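Report on one structure; see the data block that follows.
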Amino acid sequence: MFEQLERYKVNQNTFSDKTVLIHPRLAWIIYYKEVHSVTKVCERFGISRKTFYKWWNKYTKSGGDSSSLLDSSKKPHNSPLSTPEDIVKKVVEGKILTGYGQRRLREYLKENYDITLSEHTIWKLLKRHYNNDIPNLEKPLSLNIELFDNPGKQIEIGMIDVSEYTGTIPSILFTALDSFTRLRISKVYKKISSANIQDFVSFVIDEYPFKIRSISIVNDPSLTGLQDMTSNSFSDLEITSFAFPNIDDMKNGIVQEAHQKDIRDFFSRVNFDSNQDFLRKFSSYLINFNNHQSRDDLDGLTPLQKLRTSSKSKFIFYFEY
């Protein structure tokens, strides 16, 4: 027996630490093969019959593989600590925003961020990072949660007559602004009409690089039936809701603010040789607005930079339509 064991002695220079665990158990196996007596093995090595049979069965089931005599890792196969930090952030953020339980939160994460987690994993993550309705932002992770991190959650649409500045045929500027990123889409029409609003909403849905959940359109009293027309026309586009705030309530809205800036920084300063010249220069103005112009209400970021803080949009490096 000892001649056989000599081949399994541990050489610390050539074997890993795991070999140390194999050596004594392998001695049990080799000695049993020599004496064919479990009682003698147990007496010689001071182990119970139950312990011997446990490791003998593992050894034989493995086909005589000595690595089967190693202790099995007690580390769980799936641990909340292995979940990437950005996904943990979305789970806690979703809980704060919605208050959902594990089942509905699972659906929310799948629909909004294409994150698939089991209800049990969500429960474990919330137990670790979200206690008593107060997010644990420091232990064990610093999440730095941005509430309402959701481009497309609310789009505001408004119109303004700029004919006096263009000096051409009647020009109505339609503008859409995303409330989270301030990313802007604008288009010029000859007049305000239900058909033009419908065309603009379709254009906005096609051009924004994210899914739109809700749209607010300034309810101009001259547009009778606008609300019914808009809601029915886009019922198949998975937009959660259309709102029609009164025009007087929207004077301080983000679109009205943008239009005031247009008058001040563009229409009052730029000359146009033709309608095409106006459209070309205004297009350059919008490119600068979206991609290069930092904003105080975005903590010094440009709309494009704010868009890229969303995980789904981080690879968008330029916005033009």
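The values are calculated or read from the model by the stated rules, or taken from the named source; none is laboratory data. Everything quoted here is computed from the prediction, not taken from an experiment. FYI the Cβ positions are ideal-geometry reconstructions off the backbone, even for glycines, and counts take in every protein chain you see.
Would you point out the residue of the stretch 172-199, among those that are in a loop (DSSP other than H, G, I, E, B) and at pLDDT below 85, that is surrounded by the most Cβ atoms within 10 Å (Cβ to Cβ)? Quick ask: steps written out before the conclusion?
Step one: of the stretch 172-199, the residues in a loop (DSSP other than H, G, I, E, B) are 179-183, 190-193.
Among the residues that remain, those that are also at pLDDT below 85 are: 192-193.
Values: Ile192: 18, Ser193: 14.
In this case the residue turns out to be Ile192.
Which one is modelled with the lowest pLDDT, of the residues in the stretch 15-54 that are in a loop (DSSP other than H, G, I, E, B) and under 20 Å from Asp65 (Cα atoms)? If you could, list the steps in order and put the result at the bottom.
At the first step, the residues of the stretch 15-54 found to be in a loop (DSSP other than H, G, I, E, B) are 15-17, 36-37, 46-48.
Checking which are under 20 Å from Asp65 (Cα atoms) leaves us with 15-17, 36.
On the way: Phe15: 38, Ser16: 41, Asp17: 41, His36: 90.
Going through the qualifying residues, I end up with Phe15.
Restricting attention to the stretch 68-84, and to residues there that are assigned to a helix (DSSP H, G or I) and either exposed (fewer than 12 other Cβ atoms within 10 Å of the Cβ) or among the hydrophobic types (A, V, I, L, M, F, W, C) (or both), which single residue is modelled with the lowest pLDDT? Don't jump to the end; show me each part of the working.
Going residue by residue through the stretch 68-84, those that are assigned to a helix (DSSP H, G or I) are 68-69, 80-82.
Next, only the ones that are either exposed (fewer than 12 other Cβ atoms within 10 Å of the Cβ) or among the hydrophobic types (A, V, I, L, M, F, W, C) (or both) stay: 69, 81-82.
Working: Leu69: 81, Leu81: 51, Ser82: 71.
Only one residue fits best here, namely Leu81.
Condition first: under 29 Å from Phe210 (Cα atoms), assigned by TED's automatic domain parsing to the domain that holds Thr175, part of a helix (DSSP H, G or I) and in contact (Cβ under 8 Å) with a residue 40 or more places away in the chain. Can you find one or more residues in the stretch 265-276 that meet it?
No, the conditions are met nowhere in the stretch 265-276.
Looking at the stretch 49-67 only, could you name the residues that are over 14 Å from Pro24 (Cα atoms) and among the small types (Gly, Ala, Ser)?
If the condition is that a residue be over 14 Å from Pro24 (Cα atoms) and among the small types (Gly, Ala, Ser), then Ser62, Gly63, Gly64 are the ones that fit.
Restricting to the stretch 99-128, name every residue that is surrounded by 13 or more Cβ atoms within 10 Å (Cβ to Cβ) and part of a loop (DSSP other than H, G, I, E, B).
Tyr100, Gly101, Ile115, Leu117
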